[in-house]
Amino acid sequence: MRHLCASAVVVVLILGVLSPSLSVGQSSAPGQATSSAGSSTPQYMGVGSCSAPQCHGSVRPLTTSKAGVRQNEYTHWVSVEKHARAYEVLLKERSVIMAKNLKLPEPAEQSDRCLVCHAMHVPKELQGQKYQREDGVSCEACHGPAQVWLENHVGRDYKDLLKEGMYDTRNLAKRAEKCASCHIGDETRNVDHELIAAGHPDLVFELDTFTSILPPHWRVAQDEGGGKAWVVGQAVALRESLKRLARRTQQQAATTWPEFAEFECFACHHEVKNTKSTYYSRGAEKRLQPAGEWPASWREVRGYIGVAGLPPWNPARHFVFRQFVQATAPDVRAMLEQELHNVDSLMAKVGANNPAQIAAAANRAAQTVDALLGRIMDQKMEPNLAGTLLRNIAGDSAAIAGAGFRVAEQAVMALQTFAPLAQKDGKPLKGDAFMNDAIDKLLSAVGKPAAYNPQQFSTQMQAIHSFLTR
Amino acid sequence: MRQLGAAAIVVLLVLGVLRPPHSVGQTPAPMASSAAASKAAGSSSGVQRYFYLGGESCASSGCHGSATPRKASRSGILQNEHAQWLSKDKHAKAYEVLLKPRSLLMAKNLKMSTPPSQSERCLVCHTLYVPKEVRGPTFKLEEGVSCEACHGQSEGWLGLHIGHGHTASLGAGMYDTRNLVKRAEKCASCHIGDATRNVDHELIAAGHPDLVFDLETYTNLMPQHWRTVPGDGIGGRAWAIGQVVALRESLKRLAQRTQQRAATAWPEFAEFECFACHHDVNNIESSYYRRDRDNRLQDGDKWDVSWRQQRGYSGVAGLPPWNPARYFVLRQVVQALAPESRVALDQELNTVSSLMMQVGASDPAKIAAAANRAAQVADSLLPRVANLEINADLASMMVRNITSDSGSIAGAGPRVAEQAAMALQTFVPVARKAGRPLAQDAAVAGALQKLAQVRDTPEALNNREQFEHFVTQMRAIHSFLTQP
């Protein structure tokens, strides 16, 4: 009996399908869709329906079944995962200040603008008996409304459960889309520059890294781990970022444009020093005399690819990913680069561009990425490919370091993903002392944006590159 | 004979008029071919074409090139004006700086096809950049911003200016630098910009310093090569005139830029205060939770907010206003002198700011219209400030009002704080408390000196500690002034 239960329970947590109108990721404006949602729409039953000790609320992991269910998934989520604190954080001081800065008419924990991501924010008539908003981003936020399949998901065929409203989290692309619905945004979720200026962190996403930070409450299957999650996550994040850009042009063109969150934070928010000439000093009687060299900032020394002083579209979404595209789909690389370049050139005109043109360019690029996603879903992450990616990313050190903090951060996350999968001289790099140490150094280099030093970062990347090619 | 020479020579340096077609401040596009420009200047306008003769024609030791100041004549000519300019005035190094490594780097970043020392984009401000046809035989571009850049082309009055009076020289092409409004306009033609001179965000990003201007402070920094006399405006009036002209010219520049740039890249980011965007961004990771050894989430520290988030935003969070440095401090004097203009000016500038906060979504023509309207209000203030007498009472009130505004001034950004520091440096020496000069108080003098540091490293104010330090110094002056 326990076996049966366990083998089915895995389904709840790893998989699921969400019929589009109900998807947390894609519902039309939460809090508004009350009338259109018919009575046939399944309800969200709440974590209380999953948390019984003999279901997913075991304190300790139980004997692992073939399917990998440990039955402590709820316990794990509630004690280890930040998703369980998503609502709670709305009560903290910082959220109170944000509400003030945003001039919200209600407290953060009652505001749709916050709740859409910080809770499973579904209309009242879809809230089951045990539903509690205060649970934050809870089971069904990812796994779909459980009303139909809750009672009988033990031992059933996965495909049938998907038809009953479970979300297919086992499918990496769907999983990434679910994450992206908050971590990048969708029609109803939008972390824009106003929110960020008010106090919200900027959005960063990388599926593989974020999965391991979660950490997973499921047994990680071989084919989902490592590089594949990175690849799929990158493609989905790029596509969704492009779609978000297109959406924003329409939402904001009449009020304020550009949406500054479309640029990398530190493209603008960087230090500005040496604003005064030091070529001359004044001596006796105020006479001018030659003084020292007037140091230029590293950005001025590096130079600008486009026009100085105009930021490009945030390159963090594609700067590292393109190395993968080059290695596995060189035929797409040129087209993708061209389309992203179009987006860049339009964005570099800042507000003088035509929003409809940007939307068109962004949507074209999103389609190219979407087509690419179909190809790379089956990409095997062999040690050779992981090695090539490691080398190429490390070899692109100067460009990556110069492209900004968020690009450097993506590069480190990619190295972290690929290092354990690659080999050097036939020996696995996993656990290699040099690589571990080098990646640790890179991690601390992107720990604090104010302390980010591109030269140091680049040097450190070069060290990895020469280690790999030695 | 010397007396006569000296009396006339003052005219050269303190005064002058520049006929519009040839004014360095107002020349039509140097970009346009110089032949066309000189043709327009010479023939079609019917104005006699004067040549620029170069600094050499002023530099003889019997004229303005004396190594030491001569006994001052009644008119104040020291005869060492050229020597002063050459050895102490950065204007004399304006061309030289184009040859420095930083300028070469800028040229690279700007993808210029010629070196900075040959590029019009640089030369328009860094030299007396006039068409070849009006350069006299001893004219040298390499002299930088030389005598005639401010005093006007001298061919017409070089002989005349000794002993024929100021008015005669003005009539012959001398620029009226004695008129403080005209003087400020001349400075502003480079230090803010005009139809042909434009320090935009591209130039700044490439390595050029941002433009800051305050007539009184800059006059003192230069330093003056003329004898200062009571009534010459230093001590408040130059400040007020400089502020109004700078505001008006900044607004005109904004209107111009909407037209120049609307089709390529808009907004022009240099219209915002540097540090409205270029500020530190910290605390981007939540510290409300930490993980114990078993990866379990535990309560962590408080998650700090930045001082900007703490301060809040008067408009929409995340959208910068039009650079407030040009009027944030000036409005105190407008309030005191012309309260009805204050209302009008505030309203017009609010309109400009709201439009600018829509960033690229605003209609450039609307911005231009609002900016031009605001420029007119600023212009209407000029007659009020042009004859302004700054007495101890007015100066004290200025110091009191500026220092009482310390929180919002520091919060409005380093460039606003810098303007406030320059204003206090102007007014504190004039102000009195209970009949005693304010500057004599050690606490005030100390605070003033600390405030002045913001001019050297404006970026330091980007940090909460420095921000609070600045407010503390302002408050120290304020409480000294207001305590019984």
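The values are calculated or read from the model by the stated rules, or taken from the named source; none is laboratory data. From a predicted model like this one, the values you see are computed outputs, not experimental measurements. Quick reminder, even Gly has a Cβ in these numbers, built from the backbone with ideal geometry, and neighbours come from all protein chains shown. What goes into the accessible areas is simple: the full protein's heavy atoms, side chains included, and nothing from ligands, DNA or RNA. Shrake-Rupley method; radii C 1.70, N 1.55, O 1.52, S 1.80 Å.
For the range A:170-248, relative contact order (Cα pairs under 8 Å, six or more residues apart, normalised by length) works out to 45 percent. With coordinates expressed along the principal axes, the C-alpha atoms belonging to chain B extend over 91, 59, 44 Å, beginning with the largest. Note on the protein assembly as shown: Cα Rg divided by 2.2 N^0.38 Å, N the number of residues, gives 1.12. In the range A:84-112, burial by the other protein chains removes 50 Å² or more of 1.4 Å probe accessible surface, compared with the chain on its own, from A:Arg85, A:Lys92, A:Glu93, A:Arg94, A:Ile97, A:Asn101, A:Lys103.
For peptide A:190-201, what's the mean number of Cβ atoms from other chains within 10 Å of each residue's Cβ? Mean partner shielding for this stretch: 4.
Taking the helices alone, chain A has a mean residue ellipticity at 222 nm of -14000 deg cm²/dmol, built from -39,500 (n - 2.57) per DSSP H run of at least 4 residues and averaged over all its residues. Using a 1.4 Å probe on protein heavy atoms only, how many Å² of accessible area do B and A hide from each other, summed over both chains and rounded to 100? Counting protein atoms only, the buried area is about 6300 Å². Report summary: the helix-based calculation at 222 nm, which adds -39500 (n - 2.57) for every DSSP H run with n ≥ 4 and divides by the residues of chain B, gives -14500 deg cm²/dmol. About its Cα centre, the protein assembly as shown has a charge dipole of approximately 1620 debye under the convention of +1 per Lys or Arg Cβ and -1 per Asp or Glu Cβ, with nothing else charged. In the range A:388-432, the convex hull through the Cα atoms has an average projected area of 3.1 nm², a quarter of its surface area.
The angle between the Cα long axis of helix B:180-191 and the main principal axis of chain B comes to about 70°, on a 0 to 90 degree scale.
Working note: Karplus 6.51/-1.76/1.60 with θ = phi - 60° gives the range A:83-93 the couplings 3, 6, 9, 4, 6, 3, 5, 5, 8, 6, 4 Hz, where Gly and Pro are set to x. With semi-axes defined as the square roots of five times the eigenvalues of the C-alpha gyration tensor, the equivalent ellipsoid of the range A:241-398 measures 40, 24, 11 Å, largest first.
When Rg and the Kirkwood Rh are both derived from Cα coordinates, the Rg/Rh ratio for the range B:174-263 amounts to 1.03. The portion of the accessible surface of the protein assembly as shown made up by carbon and sulfur, rounded to a whole percent, is 54 (1.4 Å probe; DNA, RNA and ligands excluded).
For peptide B:195-208, the mean count of partner chain Cβ atoms within 10 Å of a residue's Cβ comes to 3.
Using only the C-alpha atoms, the convex hull of the range A:248-302 corresponds to 117 Å³ per residue.
Each principal axis of the Cα atoms in chain A has its own extent, and those three values, largest first, are 91, 61, 43 angstrom. Annotation note: GluC sites (Glu not before Pro) in the range A:158-250 located in DSSP loop regions with a Cβ neighbour count of at most 15 within 10 Å are A:Glu187. Think of chain A as having a plus end and a minus end, set by charges on the Cβ of Lys, Arg, Asp and Glu; of A:Ala366, A:Gln127, A:Phe210, A:Phe210 sits farthest toward the positive end of this dipole. Think of it this way: in chain B, B:Cys58, B:Cys63, B:Cys122, B:Cys147, B:Cys150, B:Cys187, B:Cys274 stand alone, with no other Cys Cβ under 4.7 Å. Comparing the full protein assembly with the isolated chain, the residues of the range A:335-353 losing at least 20 square angstrom of accessible surface (1.4 Å probe) are A:Lys349, A:Val350, A:Gly351, A:Ala352. Packing order of peptides B:226-234, A:278-286, highest average first: B:226-234, A:278-286 (average count of other Cβ atoms within 10 Å over each peptide's residues). In chain B, Cα pairs under 8 Å separated by at least six residues give a relative contact order of 15 percent. Protein heavy-atom accessible surface, 1.4 Å probe, per residue over chain A: 42 Å².
One compactness figure for the range A:182-331 is 1.50, namely its Cα radius of gyration divided by 2.2 N^0.38 Å. Which of the listed residues, B:Leu448, A:Leu172, B:Ala205, is farthest toward the dipole's positive end in the protein assembly as shown, when Lys, Arg count +1 and Asp, Glu count -1 at the beta-carbon? Farthest towards the positive pole: B:Leu448. Dividing the convex hull volume of the alpha carbon atoms of the range A:351-406 by its residue count gives 118 Å³ per residue.
Quick note on the range A:125-214: its Rg to Rh ratio, both from C-alpha atoms and Rh being the Kirkwood radius, is 1.03. Note on the range B:284-344: Kirkwood hydrodynamic radius from all Cα pairs is 16.0 Å, rounded to one decimal. Taking the inverse of the mean 1/r over every pair of distinct Cα atoms in the range B:294-442 gives a Kirkwood hydrodynamic radius of 18.0 Å. Each Lys and Arg contributes +1 and each Asp and Glu -1, all at the Cβ; summed about the Cα centre of the range A:268-336, the dipole is approximately 160 debye. Counting only Cβ charges, +1 for Lys and Arg and -1 for Asp and Glu, the dipole size of the range B:328-484 around its Cα centre is about 280 debye.
Share of pairwise Cα-Cα distances greater than 25 Å in the range B:104-215 is 32 percent (whole percent). Near B:Lys433, the amide H atoms lying under 5 Å from its own belong to B:Leu438; only residues 5 or more places off or on other chains count, and H is placed 1.01 Å from N. Dividing the Cα radius of gyration of the range A:63-155 by 2.2 N^0.38 Å, with N the residue count, gives 1.30.
Across the range A:182-259, the fraction of Cα-Cα pairs farther apart than 21 Å, rounded to a whole number, is 40%.
Enter the mean number of other protein chain beta carbons within 10 Å of the beta carbon of each residue in B:306-319, as an integer.
5
Distance distribution note for the range B:427-481: the fraction of Cα pairs above 18 angstrom is 33%. Structural descriptor for chain A: relative contact order 15 percent, calculated from alpha carbon pairs under 8 angstrom and at least 6 residues apart. Shown here is the pair-distance distribution of the range B:214-370: with all Cα-Cα distances grouped in 5 Å bins from zero up to the longest one, the shares run 2, 7, 13, 14, 13, 12, 11, 8, 6, 5, 3, 3, 2, 1, 0, 0 percent.
Ranking B:Ser287, A:Gln251, B:Cys122 by Cα position along the charge dipole of the protein assembly as shown, where only Lys, Arg, Asp and Glu carry charges on their C-beta atoms, puts B:Cys122 farthest toward the positive end.
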